[in-house]
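A.B. asks: Once you've had a glance at the structure underneath, I'll fire off some questions.
The values are calculated or read from the model by the stated rules, or taken from the named source; none is laboratory data. Predicted, not measured: the structure shown is a model, and the values here were computed from it. As a convention, Cβ positions derive from the backbone with ideal geometry for all residues, glycine included, and neighbour counts pool all protein chains shown. Ligands, DNA and RNA are stripped out before the accessible areas are found, and what is left, the full protein with its side chains, is counted by its heavy atoms. Shrake-Rupley method; radii C 1.70, N 1.55, O 1.52, S 1.80 Å.
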Amino acid sequence: MGLELYLDLLSSPCRAVYIFAKTNSIPFEYKEVTLMKGEQLSEDFGKVNPLKKIPALKDGDFTMSESVAILLYLAEKYKLSDHWYPANLEKRAKINEFLLWHVNVVRPLMVKDFWLKVMAPTLLQRNAPAEKLEAVAQEFNAALDQFEKIFLQGKPYISGKEISVADVVSFCDLVQASRTGQNMFEERPKIAAWRQNVESYIGLELINEAQKAALSAGSYSKDSMDPKGVEWLTARVKLLLL
């Protein structure tokens with residue numbers, strides 16, 4: 001059996017895995033797991049990933065989850081160009097440093113922002129409290145300052161002159177956050193230039209293909225969800241609003 005990737009392109013971590021695999025011509029079978037229908041909670045999917053989260057990977061008898069771990073596995077297994085995940089210890093360590101910072105700082109903010117601005121009105125028919133939205137915006141601004149001044153520093157890419165897995169991960173999450181109104185490109189020319197570099201390397205055709213579902217308003221409608229999905233999603237939204 002060949003490589004199988006379990007994805008829903010509504011999810012930015014899933015888009016990162018999809019874009020990375022496509023960019024590097026890694027052959028894989030696309031396995032759709034529809035988040036809005038709660039398919040990740042099914043017993044069958046639990047056999048692939050007991051954590052019942054996507055993205056997930058199945059390579060023969062081997063299975064794993066977590067988008068960053070999947071990207072690193074693909075880079076190593078398919079012996080991709082060194083710039084994606086360098087063999088040099090110090091360069092690799094700096095990429096690891098950024099990835100850990102990103103998934104612990106930026107991604108939780110991106111997820112919270114999306115749930116408050118998109119999912120709360122969809123599922124509860126009311127907007128999230130203004131003070132919660134403002135708090136997220138302030139945290140996002142602080143995180144972007146760190147990204148720009150500490151990690152990017154005006155370089156073409158996060159790790160220097162060449163693109164790496166770090167750029168793919170951060171690009172997908174930050175573009176998603178910009179769709180919900182976080183201002184990170186217009187007033188930050190260094191981040192805007194970095195975005196253009198990533199888009200030029202990957203190509204807008206692939207980026208637009210991966211983002212198509214996320215840009216469709218109907219993708220987030222309550223009508224697109226089944227009762228199990230609505231129950232799971234509503235419970236999550238309510239926790240954020242506490």
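A.B. asks: Only one of these is in contact with a helix residue (DSSP H, G or I) (Cβ under 7 Å, 6 or more places away or on another chain), in contact (Cβ under 8 Å) with a residue 12 or more places away in the chain, within 25 Å of L71 (Cβ to Cβ) and assigned to a helix (DSSP H, G or I): L123, L133, L174, L99. Name it.
C.D. replies: One residue alone meets the criteria, L99.
A.B. asks: Let me ask something else about it. Taking the conditions exactly as written (over 19 Å from P108 (Cβ atoms), touching a Lys or Arg at 6+ places or on another chain (Cβ under 6 Å) and open to solvent by less than 70 Å² (accessible area, probe 1.4 Å)), does A210 satisfy them or not?
C.D. replies: In short, yes.
A.B. asks: Also, I was wondering about something else. Kindly evaluate L204 against the criterion of being at pLDDT 85 or above, of a type in the set (A, V, I, L, M) and open to solvent by 30 Å² or more (accessible area, probe 1.4 Å).
C.D. replies: The answer is yes for L204.
One line per residue, one yes/no per condition, for (1) in contact (Cβ under 8 Å) with a residue 12 or more places away in the chain; (2) over 25 Å from T234 (Cα atoms); (3) of a type outside the set (D, E, K, R); (4) in contact with a helix residue (DSSP H, G or I) (Cβ under 9 Å, 6 or more places away or on another chain):
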| site | (1), (2), (3), (4) |
| --- | --- |
| A16 | yes, yes, yes, yes |
| A21 | yes, yes, yes, yes |
| K37 | yes, no, no, yes |
| R92 | no, yes, no, no |
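A.B. asks: A follow-up question, please. T63 is checked against (1) touching a Phe, Trp or Tyr at 6+ places or on another chain (Cβ under 7 Å); (2) closer than 30 Å to P227 by Cα and fails just one. What number does that condition carry?
C.D. replies: (1)
A.B. asks: Taking region 29-87 as the search range and keeping residues that are aliphatic (A, V, I, L, M), outside any helix (DSSP H, G or I) and farther than 21 Å from G2 by Cβ, which one is most open to solvent (accessible area, probe 1.4 Å)?
C.D. replies: Restricting to residues being aliphatic (A, V, I, L, M), outside any helix (DSSP H, G or I) and farther than 21 Å from G2 by Cβ, the top hit is L51.
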